[in-house]
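The values are calculated or read from the model by the stated rules, or taken from the named source; none is laboratory data. Since we're looking at a predicted model, the values are computed, not measured. Positions of Cβ are backbone-derived with ideal geometry, glycine not excepted, and every protein chain shown enters the neighbour counts. The area values use the complete protein model at the heavy-atom level, side chains included, leaving out ligands, DNA and RNA. Shrake-Rupley method; radii C 1.70, N 1.55, O 1.52, S 1.80 Å.
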Amino acid sequence: MELTLPTPFSERLSREDAALHLAIGLFVTEEATLGQAAQVSGLSQAAFLRELGRRRIPIHYGPDELAEDLEVVESLLMR
């Protein structure tokens, strides 16, 4: 997909910055997972998480995600 920005934006935003802004928007509106948003931004998940933290954007991590993570940790400990 190719996206054309209006001139004022294209003059001050690099391609990478535009991708990051798009990725953050998709993540915040829950249209993309963390992994998908990181991929759109061109960053690793860790780097994308750092960028979210720098901007004080909360991650979507609720009780369901915690339960899933605890199950994974428990299964790894059983090995």
Checklist outcome for this item: So the FRET efficiency between I57 and R15, C-beta based with R0 = 22 Å and rounded to 0.05, is 0.55
Checklist outcome for this item: So Q36 and E68, fully extended at 0.36 nm per residue minus their Cα-Cα distance, gain in nm 9.6 nm
Next on the checklist: Relative contact order of the chain, please, whole-number percent, based on alpha carbon pairs below 8 angstrom and at least 6 residues apart.
Outcome noted: 19 percent
Item to check | Per residue accessible area in Å² of the chain, where ligands, DNA and RNA are left out and the probe is 1.4 Å | outcome: 82 Å²
Checklist entry - Roughly how many Å is it from the Cα centre of region 60-79 to that of region 1-37, as a whole number? => result 31 Å
Checklist entry - Hey, any idea what % of the chain's accessible area is carbon plus sulfur with a 1.4 Å probe? => result 56 percent
Checklist outcome for this item: Per the helix-only model, the chain has a calculated mean residue ellipticity at 222 nm (DSSP H runs of ≥4, -39500 (n - 2.57) each, divided over all residues, rounded to the nearest 500) of -20000 deg cm²/dmol
